[in-house]
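Reading through the structure tokens given below for one structure.
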């Protein structure tokens, strides 16, 4: 198995401390604090380990404080409700005695019902498209002042129309990417949902920044996740190509909102994801 993917799976495999309490470690994938997708994925893993025979259908999360990459994260799960069809869990992630993140997750039994969905847009497939890691290497070759390390990722992300908001003046707040894990992962529904939660934080909020390329280039802009919500509509495999179609309907009050739909190559809508983030100009360091 690919080393970066193996490491991500290790990060998502939480240690059980006691009933309803789990501990996770962090990895530095760039940035000053813990990657938000890691906390999302770990929190969902913690919740799933307190539920049997049901899968998550939605989650709603808030990022409260930046995470410390050098300290473990404790995930405390509260069993809010266990019903005949639904289970509800509340998860609080704690570091240094303070909550850094909280999330509610709802689980449901599999049951038949009404069916309709949005249609997948007609876009080029993933074959032949460069990954974001390849694009970063190309950018580094063209920019002699580029000094940031280029890390291998456990997720192969391939933008359909690559762009760089730090180079262009302005673009519409729309983007689509293909993505999947760089290798196969075990066939476990909860794990695939947790990996999707992890992967969803890589590119979604960036959609809201696309109209402000010049501002991002010229001013001190602080970007950070504030909240994140996901709805799981249908089963999927995250080691097979998925299309993430994103748009940003609004930016205001130093916040940007982004919405994305996730489709399989066959056109099934498997998830809807929303994220709001801080987009603050001239933030104090």
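The values are calculated or read from the model by the stated rules, or taken from the named source; none is laboratory data. Worth saying up front: this structure is predicted, and the values here are computed from it rather than measured. Note: ideal-geometry Cβ built from the backbone for every residue, glycine included; neighbour counts use all protein chains shown.
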How many of the residues making up region 200-236 are touching a helix residue (DSSP H, G or I) at 6+ places or on another chain (Cβ under 8 Å), modelled with pLDDT of 95 or more and surrounded by fewer than 18 Cβ atoms within 10 Å (Cβ to Cβ)? 1
Only one of (1) at pLDDT below 95; (2) more than 16 Å from the chain's Cα centre (by Cα) is not met by residue 249, so which one is it? (1)
Against the definition (modelled with pLDDT of 95 or more, in a loop (DSSP other than H, G, I, E, B) and crowded, with 19+ Cβ neighbours inside 10 Å), how does residue 244 come out, yes or no? no
Answer residue from region 41-70, given it is surrounded by 15 or more Cβ atoms within 10 Å (Cβ to Cβ) and out of contact with any strand residue (DSSP E or B) (no Cβ under 8 Å at 6 or more places or on another chain) and is modelled with the highest pLDDT among those: 41
Working only within region 71-118, note down all residues that are free of Cβ contacts under 8 Å to residues at least 12 places away in the same chain and either buried (at least 17 other Cβ atoms within 10 Å of the Cβ) or over 25 Å from residue 232 (Cα atoms) (or both). 97
Within region 167-182, residues being in contact with a strand residue (DSSP E or B) (Cβ under 9 Å, 6 or more places away or on another chain) and closer than 23 Å to residue 128 by Cβ number 9
List the pairs whose first member sits in region 122-149 and is farther than 21 Å from residue 29 by Cα, whose second member is modelled with pLDDT under 85 and surrounded by 14 or more Cβ atoms within 10 Å (Cβ to Cβ), and whose Cβ atoms are under 9 Å apart, counting only residues at least 6 apart or on separate chains? 129/162
Being under 22 Å from residue 222 (Cβ atoms) and in contact with a helix residue (DSSP H, G or I) (Cβ under 9 Å, 6 or more places away or on another chain) is the filter; apply it to region 260-277 and report the residue that is surrounded by the fewest Cβ atoms within 10 Å (Cβ to Cβ). 276
Per the filter on region 1-40, residues assigned to a strand (DSSP E or B) and surrounded by fewer than 20 Cβ atoms within 10 Å (Cβ to Cβ) are 15, 16, 17, 18, 21, 23
